[in-house]
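The values are calculated or read from the model by the stated rules, or taken from the named source; none is laboratory data. Note that the structure is a prediction, hence the values are computed from the model and not measured. Glycine also receives a Cβ, built like all others from the backbone with ideal geometry; neighbour counts cover every protein chain displayed. Each accessible area value is taken on the protein alone, full model and side chains, heavy atoms only, with ligands, DNA and RNA left out. Shrake-Rupley method; radii C 1.70, N 1.55, O 1.52, S 1.80 Å.
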Amino acid sequence: ALYLAAILHDIGAAVGEVMHREYSYRIILQHREELDAACSCRVAEEGAEIARHHGVENQIPQTVDRGTAIAIAIMRVADGLDYTANQTMKRIETSLTDNTLTIYAHCQQNTEDCKRCIERAQEKSILLSKLLKTNITIKTR
């Protein structure tokens, strides 16, 4: 479901930027049968929920299970790292030591876009930090 959401989370922008998360949710659910059939599993509904709530300002409903909440939190960080939507990030690495998850971002160049993406991802990492009960640091490498 996280993979599906990663690919389709912004598809709703084709309908309208302002409510793109809600449109993404609806589009994914409209194609539920095809998406579920493509992997012979049930991923569309959870993927739609992840896409719907990947905005930092979105509250996660209490009906969402912990696994889906963590997937939403991961999607938020990934969305932040892609904030400029110009492929600034080439890849990431992670390291977990003591009580800190460090995400190393490899940027195309250490540009203003790279800095903006990292700042945005750090802002959007609050939920993941809370759910995993760990500090999250995002920096370039």
Conditions (1) at negative phi; (2) open to solvent by 40 Å² or more (accessible area, probe 1.4 Å): number failed by SER40: (1)
First in the stretch 80-92 and over 13 Å from ALA121 (Cβ atoms), second anywhere and in a helix (DSSP H, G or I) and open to solvent by less than 70 Å² (accessible area, probe 1.4 Å), Cβ under 7 Å, 6 or more apart: ASN86/ASP113
Answer from GLU33, GLU45 - the residue that is touching a Leu at 6+ places or on another chain (Cβ under 9 Å), among the acidic types (Asp, Glu) and on the phi < 0 side of the Ramachandran plot: GLU45
Any hit, the stretch 103-125, residues being under 18 Å from LEU2 (Cα atoms), open to solvent by less than 80 Å² (accessible area, probe 1.4 Å), modelled with pLDDT of 90 or more and among the aliphatic types (A, V, I, L, M): yes
Contacts under 8 angstrom Cβ, first residue in the stretch 123-138 being farther than 22 Å from TYR83 by Cα and touching a residue at least 60 places away in the same chain (Cβ under 8 Å), partner open to solvent by 50 Å² or more (accessible area, probe 1.4 Å) and in a helix (DSSP H, G or I), 6 or more apart: LEU131/ARG66
Residue match in the stretch 13-28 (condition: open to solvent by less than 90 Å² (accessible area, probe 1.4 Å) and within 27 Å of ARG141 (Cβ to Cβ)): no
Identity of the residue in the stretch 66-88, aliphatic (A, V, I, L, M) and open to solvent by 40 Å² or more (accessible area, probe 1.4 Å), that ends up farthest from LEU132 (Cα to Cα): ALA85
Of the criteria (1) more than 20 Å from ASP10 (Cβ to Cβ); (2) not in a helix (DSSP H, G or I), which one LEU131 fails: (2)
Meets criteria (of a type in the set (Asp, Glu), open to solvent by 80 Å² or more (accessible area, probe 1.4 Å) and not in a helix (DSSP H, G or I)) for GLU45: no
Flag if ARG52 is in contact with a Phe, Trp or Tyr (Cβ under 6 Å, 6 or more places away or on another chain), surrounded by fewer than 18 Cβ atoms within 10 Å (Cβ to Cβ), at pLDDT below 90 and not acidic (Asp, Glu): no
The listed residue being free of Cβ contacts under 8 Å to residues at least 12 places away in the same chain and β-branched (Val, Ile, Thr), out of THR63, THR68: THR63
